[in-house]
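Readers should treat all values here as calculations from the given coordinates under stated rules, not as data from a laboratory. Owing to the predicted nature of the structure, the values given are computational and were not obtained by experimental measurement. Using ideal geometry, Cβ is built from the backbone for each residue, glycine included, and neighbour counts are taken over all protein chains shown.
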Amino acid sequence: EPEVTQTPSHQVTQMGQEVILRCVPISNHLYFYWYRQILGQKVEFLVSFYNNEISEKSEIFDDQFSVERPDGSNFTLKIRSTKLEDSAMYFCASLGQTEAFFGQGTRLTVV
Amino acid sequence: GIQVEQSPPDLILQEGANSTLRCNFSDSVNNLQWFHQNPWGQLINLFYIPSGTKQNGRLSATTVATERYSLLYISSSQTTDSGVYFCAVDYSNSGYALNFGKGTSLLVTP
């Protein structure tokens, strides 16, 4: 069964460093998303991406975040200058005809 | 934005018991999904159910769109059912993004 894959599964970074989280969505899907979940809290929408551009973003998705689809398969989330409060699980998702499928997540720890 | 309220927030069951989890939402939706987040943090799709009733093994779900709620039924619970159950509804008309509830944390004891 096709699945969304994310790498790395866990990343530790120092405050102020840039990180890139990577995702390979399901191949025939057209909408891609990033969500985050701070430990113990609910899953929060960050951004949706369609036709090589952002279609929707939340208040969380400020100037330190960017997304890119550098080739036909990868979808990345870049955090330019990480802060302690960016520590969270980051989920990539892609949308089929009706439902969204989530990757296993990348746990980002900023120290 | 659309509000999603889940109840109860926490639930402890003994193995074999049945339970009902509820999700209320504040506006009409095009998409409603139920997820199970396992102890490793993975979000597992359970149901895509903007309306109607579906069943998958011991789990079933019903959404009454006109009354803006959805129910997830777990029958004959097992310890592997433990985790957090999230309801999520579509966030906007332009990106089909999901707005998650705060979840119901379920613990099934032997």
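Scalar couplings 3J(HN,Hα) for segment A:34-49, obtained by applying the Karplus form with A = 6.51, B = -1.76, C = 1.60 to θ = phi - 60°, are 10, 10, 9, 9, 5, 3, x, 10, 7, 7, 10, 6, 9, 7, 10, 9 Hz; x denotes Gly and Pro. Cross-link partners of A:K83 among lysines, defined as those whose alpha carbon lies under 25 angstrom from its own and excluding same-chain residues fewer than eight positions apart: A:K42, A:K57, B:K102.
Hydrodynamic radius of the protein assembly as shown by the Kirkwood approach over all distinct alpha-carbon pairs: 17.9 Å. Here the label points at B:T79 and A:N28, each 7 Å from Cα along the C-beta direction, are separated by 4.1 nm in the simple model. Per-peptide packing, taken as the mean over residues of other Cβ atoms within 10 Å, places B:61-74, A:13-26, A:90-103 in the sequence A:90-103, B:61-74, A:13-26 from highest down.
Averaged across the residues of A:95-102, what count of C-beta atoms belonging to other chains lies within 10 Å of each residue's C-beta?
Other-chain Cβ atoms within 10 Å of each residue's Cβ, averaged: 6.
Is the shape of chain A rounded, prolate or oblate, going by the alpha carbon gyration tensor and its root eigenvalues a ≥ b ≥ c, with a/c under 1.5 for rounded and a/b larger than b/c for prolate? Note, shape of chain A comes out prolate.
Shown is the FRET efficiency for B:V64 and A:S73, computed with R0 = 45 Å from the Cβ-Cβ distance and rounded to the nearest 0.05: 0.70.
Binning the alpha carbon pair distances of segment B:4-109 at 5 angstrom intervals from zero yields the distribution 3, 13, 25, 25, 19, 9, 4, 1, 0, expressed in whole percent.
For A:M15 and A:Q41, the FRET efficiency from 1/(1 + (r/R0)^6), where r spans their Cβ atoms and R0 equals 22 Å, is about 0.60.
For the segment B:36-43, counting C-beta atoms of other chains within 10 Å of every residue's C-beta and taking the mean gives 4. Residue by residue through segment A:58-65, which ³J(HN,Hα) values in whole Hz follow from phi under the Karplus form 6.51 cos²θ - 1.76 cosθ + 1.60 (θ = phi - 60°), with glycine and proline marked x? Coupling constants for segment A:58-65: 9, 5, 5, 6, 9, 5, 7, 9 Hz. Going by Cα centres, segment B:1-74 and segment A:6-62 are how many Å apart? Segment B:1-74 and segment A:6-62 have Cα centres spaced 24 Å from each other.
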